[in-house]
1. Take residue 109 and tell me if it is within 23 Å of residue 19 (Cβ to Cβ) and not in a loop (DSSP other than H, G, I, E, B).
2. Within the stretch 75-83, is there a residue that is part of a helix (DSSP H, G or I) and closer than 28 Å to residue 136 by Cα?
3. Of (1) in contact with an Asp or Glu (Cβ under 9 Å, 6 or more places away or on another chain); (2) more than 16 Å from ligand 3 (Cβ to nearest atom); (3) touching a residue at least 12 places away in the same chain (Cβ under 8 Å), residue 33 satisfies all except one. Which?
4. Which of the residues that make up the stretch 126-137 are surrounded by 19 or more Cβ atoms within 10 Å (Cβ to Cβ) and modelled with pLDDT of 80 or more?
5. Return yes when residue 118 is of a type outside the set (D, E, K, R), near ligand 2 (Cβ under 8 Å from one of its atoms), at pLDDT 85 or above and buried (at least 18 other Cβ atoms within 10 Å of the Cβ) and no when it is not.
6. Could you grab me the full set of residues in the stretch 1-45 that are assigned to a loop (DSSP other than H, G, I, E, B) and within 16 Å of ligand 2 (Cβ to nearest atom)?
7. For the subset of the stretch 71-96 comprising residues that are in contact with a Cys (Cβ under 7 Å, 6 or more places away or on another chain) and aliphatic (A, V, I, L, M), which member is farthest from residue 148 (Cα to Cα)?
Amino acid sequence: MATVEEVLEFLPRTDCGQCGMTCAEFAALLVSRDLSPEDCPVLHEPEYAGFIEALHEILGPAEAAITAGMLIDQDKCNGCGICVAVCEYHLGNCDEARLGRGPRPQDKVVFHVVNGTAVVVHQELCTRLVQAAEKCNKCADHCPTGAITLV
Ligand code: SF4
Ligand code: SF4
Ligand code: SF4
């Protein structure tokens, strides 16, 4: 599955704001399939010919995100950040999370709250995927709105 860093390579990285966010936030929403490459107006300019196709190529089919293990229902998520705070991976690997603060944009974490919604940025770090024997469910168990589905 594509990571935010890989996707960013094919975005203008100018943070022009036309999409209402930064390029990194846009990349996170591409990885979570909440946006499509076509939603960046700058990518339609001749200078970026081929970038939209390249993004579709590295993102792969939409079903890939669904079968990979974790889904966040954007309609149910209220952006409370509880999932980010309780995540088993974050508590073991992110200093900010250990201190009860939100991860910084540059921290490598499973998910961030971006513009009031939780988005998955590094699903491959989730301990459900890297330790098959240990089936962590903390984020889904603590989500107050039932927005997280772990498969
Ligand atoms: S519109 Fe495109 S270039 Fe501008 S901030 Fe959004 S993703 Fe980046
Ligand atoms: S705990 Fe649930 S409602 Fe809160 S940010 Fe996470 S997914 Fe959204
Ligand atoms: S299942 Fe556990 S490790 Fe994976 S994202 Fe949720 S809390 Fe984090």
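The values are calculated or read from the model by the stated rules, or taken from the named source; none is laboratory data. Treat the numbers as computed from the prediction; the structure is a model and nothing was measured. Neighbour counts run over all protein chains shown; Cβ positions are idealised from the backbone, glycine included.
1. In short, no.
2. So far as the stretch 75-83 goes, yes, one or more of its residues are part of a helix (DSSP H, G or I) and closer than 28 Å to residue 136 by Cα.
3. (1)
4. Pass one, the stretch 126-137, residues surrounded by 19 or more Cβ atoms within 10 Å (Cβ to Cβ): 126, 128.
Answer for the stretch 126-137, where residues must be surrounded by 19 or more Cβ atoms within 10 Å (Cβ to Cβ) and modelled with pLDDT of 80 or more: just 126.
5. Considered against the rule, which asks whether it is of a type outside the set (D, E, K, R), near ligand 2 (Cβ under 8 Å from one of its atoms), at pLDDT 85 or above and buried (at least 18 other Cβ atoms within 10 Å of the Cβ), residue 118 comes out as yes.
6. 32, 33, 34, listed by residue number.
7. 86
Table: residues versus (1) crowded, with 17+ Cβ neighbours inside 10 Å; (2) closer than 22 Å to residue 117 by Cβ; (3) at pLDDT below 95.
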residue	(1), (2), (3)
14	no, no, no
18	no, yes, no
25	yes, yes, yes
35	yes, yes, yes
49	no, no, yes
53	no, no, yes
63	no, yes, yes
70	yes, yes, yes
94	yes, yes, yes
